[in-house]
Amino acid sequence: MTRDQSEPESAIGLSNAPRQPTPWSGTRQRRNNTLGIKGALLVLIVWIVISGSGFAARHLELPSQLAFLSEAAIPQAIATLTLALGIIVFGWRDAALGASKPGTARLMWFPTLYLFAFAAVIAALGAPPINLLIGLAYSMFWIAASEELMFRGLLFPALRRTLRIWPAIGLTSLIFGAVHLMNALGDGDFIGAVIQTIAATMTGFLLLALRLRRGSIWPAIFYHMAWNIGIFGIGFAAQSDQPQGDDMLNAVVDHNPIAVAFLLLMVLPNAVYAFWLLRHAGTQNLPGDVQFQPQ
């Protein structure tokens, strides 16, 4: 647990005793290193290359030996395992891979309401086949694990050590949103990628807030996974023979201003709840925060 320099020591009960490892420090390796901003940006570039290999496999004439990369989950699984290997080998701490802080599960009430709403919409439109949902869950797990490890697990702590809490939160969320512009490489829909970038940035605030308030990235991974399943599940359900489903999907795909505004308003509560969770971020110690070390 950490604090900004502006916080008085008496307010958080600091002593002269050495800092003890926290339950959410991420690894139990003997090495206890930190990943700096330059290192985190290098890892981000590697992550982007691996994650983007699926686009290359689908749109470039790659050797047949690399055709497996066109499967949506494969590049993300490789990226996840690469990041996990880096954490283990280099002993990067503060990845928040440990258990959540006891007593913080109640903070999931709002995300849970969202997921119930998604389930209700999918049921109303006509749930897709179970085998499709299983395949979707498999793909979404690797996507969520990969993105959470990269952004909330590694990039945020690296930025936080040299930035105040809110600049670190904002920059992490903006970069997370910006990488979704890569989706335009897949279908050439730049406008759609911009819309997704805005939505991802707003949701990114909540995912980071969950790490900071619960002291672990696991709640963010599973909410990220469930959120994506809900979004894509609604899309699949809307492709059914039901006219209302087709009308809704076509309006979003065609970037109808009203449909896009509705989509963004649907995501906005994620950001609102995140700011509520972090309303005392500048003055109180947060379980998932790391040591601020100004240069």
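Where a number appears in this text, it was derived from the coordinates with a stated rule and is not lab data. Remember, predicted model here, so these are calculated numbers, not experimental data. Cβ: placed from backbone, ideal geometry, glycine included. Neighbour counts: every protein chain shown.
Counted by neighbouring Cβ atoms within 10 Å, the residues 35, 278 run from fewest to most as 278, 35. Remark: segment 83-207 projects, on average over all directions, an area of 10.3 nm² (convex hull of Cα atoms). The H on the amide N of residue 33, modeled in the peptide plane, is under 5 Å from the matching H of 92, 93, each at least 5 residues off or on a different chain.
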